[in-house]
Amino acid sequence: MESSKPAGRRLEEVLRDFWATRPERPLVGRRFAGVAAALGNRYSIDPTLIRVVFVTCTVFGGSGLVCYLLGWLLLRKQGDRASAFGSMVGRGTSSVSSLFTLLLCLALIPASGVMLGGDFLLGGPLGGPIGFAGLLVALYLLHSSRAHLAVAPQPVGWAEETGARRGSVTAPVTDPASWDALGAAPFAWELTEPSRTPQQAPPPPRKPRRSKKVGLIGLVVTLFAIAGCVLFADASDGWMTPAHAAAIVLAAVGTTMILGSFAGGGRGLIVLAVLFAAGSLLAMRADLSGTQNERFTPTRIDQVQAEYRNDLGSLHLDLTRLPESGTVHTSVTTKLGAATVTVPRTADVTVDCETRLGKLDCLGTKSSGTDPSPVSKVDNGTNGKGGLVIDLDANTDLGTVEVRRG
């Protein structure tokens with residue numbers, strides 16, 4: 001059974017089959033380069049939904065732009081023998097010029113840099129790589145479940161070389177003069193054949209029926225998502241911001257659109273998706289405009305706050321101007337950004353540093369990566385035990401935490 005095959009062999013077979021039956025960028029129904037239309041025609045999915053996915057992944061991290069450029073380069077245009085990139089490396093001919101292909105390859109360099117750098121519009125430092133991986137996984141799952149919906153496109157010229165194209169067979173033509181000694185070719189006689197009935201053209205293909213229930217279901221799901229955000233707002237302790245609420249509703253609409261594409265409906269939900277996407281962008285941009293880079297330098301023990309917090313930006317706490325005796329208990333917290341604490345060289349410091357994703361550097365002890373190990377350390381400074389005592393907690397959800405001697 002196919003399910004008993006090793007995962008690596010299964011992946012290899014799916015990738016090989018995808019490449020053998022890869023879609024062609026059509027001449028009709030395209031909006032730009034035809035990448036979305038090619039995928040939609042190949043897997044019987046509304047191309048509009050694929051375009052929405054490309055745009056969304058472009059806005060949130062830039063991965064949609066990279067994938068679209070790759071599709072432009074690697075998927076051949078209908079009527080061509082090879083893709084743009086394949087033609088450039090001598091694998092066939094393409095209507096895309098070599099100069100334009102080179103420009104597409106050059107455009108991939110800054111697009112990939114922006115995607116990996118995580119500084120394109122929205123999405124955070126990992127939005128681009130996560131989006132790119134998600135698109136690849138989605139394409140793999142799509143081909144695994146819907147590969148049977150189309151056959152491999154035959155290369156141009158196949159009909160001329162074999163006498164057939166797409167299942168139609170062309171009968172061989174014999175020169176009449178080669179067998180008619182008198183040269184009176186019967187094929188040239190204009191005789192009618194009353195018994196032959198004219199062939200009727202096949203009826204045009206029926207357009208797929210679109211289900212109106214998907215739009216209604218999507219509207220109901222949207223209303224439930226909005227109601228859930230409103231009810232959860234009070235219990236979320238400030239987490240349910242307008243940006244988060246718009247993103248949750250957008251995710252609900254997008255999920256309904258994806259499921260509806262398989263049922264042949266849900267195109268009307270694009271309006272809701274565009275509205276909530278715009279709302280999410282505006283709300284997140286408003287949050288980003290509130291980025292703060294704060295610095296605190298207390299000079300007395302009573303000036304030290306119990307907690308220093310910054311949701312977005314950098315926070316620097318300088319404790320080097322405190323007296324040489326006394327006890328300080330404080331914490332420094334950022335959700336997204338950098339938390340830096342500078343302590344006196346002679347202070348006795350007990351520190352706990354933690355981050356979910358990022359880098360820790362606490363008095364010389366370092367840790368980094370995804371969910372790095374927390375750092376707990378006791379350091380009595382250059383003069384040994386005695387003097388100012390500092391009990392410190394420093395943490396961030398995403399970013400860097402640094403505790404250093406000043």
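Solvent-accessible surface (1.4 Å probe) assigned to Arg51 amounts to roughly 60 Å².
How many Å³ per residue does the convex hull of the Cα positions in the range 28-96 occupy?
On the way: hull volume 5.8 nm³, N = 69.
Given the Cα convex hull of the range 28-96, per-residue volume reads 85 Å³.
In the range 310-365, the C-alpha radius of gyration followed by the widest Cα-Cα span (Dmax) gives 12.2, 35 angstrom. By a 1.4 Å probe calculation restricted to protein chains, Ser145 has an accessible surface near 70 Å², given to the nearest 10. With K and R counted +1 and D and E -1, the other residues having a Cβ less than 13 Å from that of Thr93 yield a net charge of +3.
Please list Cys353, Cys105 from largest to smallest accessible area, probe radius 1.4 Å, with all protein chains kept in place.
Cys105, Cys353
Taking all protein chains as shown and a probe of 1.4 angstrom, Leu142 keeps an accessible surface of around 30 Å². Shown here are the Rg and Dmax of the Cα trace of the range 70-110, at 9.3, 30 Å. Shown here are the Rg and Dmax of the Cα trace of the range 290-406, at 13.4, 42 Å. Among the lysines of the range 324-406, pairs at least eight places apart or on separate chains and with Cα atoms under 18 Å apart come to 4. Accessible area ranking (1.4 Å probe, heavy atoms, ligands and nucleic acids excluded), largest first, for Phe85, Phe54: Phe85, Phe54. Backbone amide hydrogens, once placed in the peptide plane, bring His329 within less than 5 Å of Asp391, excluding anything fewer than 5 places away on its chain. Leu39 sits among other residues whose Cβ lies under 11 Å from its own Cβ, and their net charge, with Lys and Arg +1 and Asp and Glu -1, is +3. Put Met88, Met115 in order of accessible area, highest first, and with a 1.4 Å probe you get Met88, Met115. A simple count of charges around Ala394, restricted to other residues whose Cβ falls under 12 Å of its Cβ and scoring Lys, Arg +1 and Asp, Glu -1, yields -4.
The values are calculated or read from the model by the stated rules, or taken from the named source; none is laboratory data. Predicted model only: the values in this text are computed from it and were never measured. For neighbour counting, all protein chains shown are included, and Cβ atoms are generated from backbone atoms with ideal geometry for every residue, glycine included. Please note that ligands, DNA and RNA were not included when accessible areas were found on the heavy atoms of the full protein model with its side chains. Shrake-Rupley method; radii C 1.70, N 1.55, O 1.52, S 1.80 Å.
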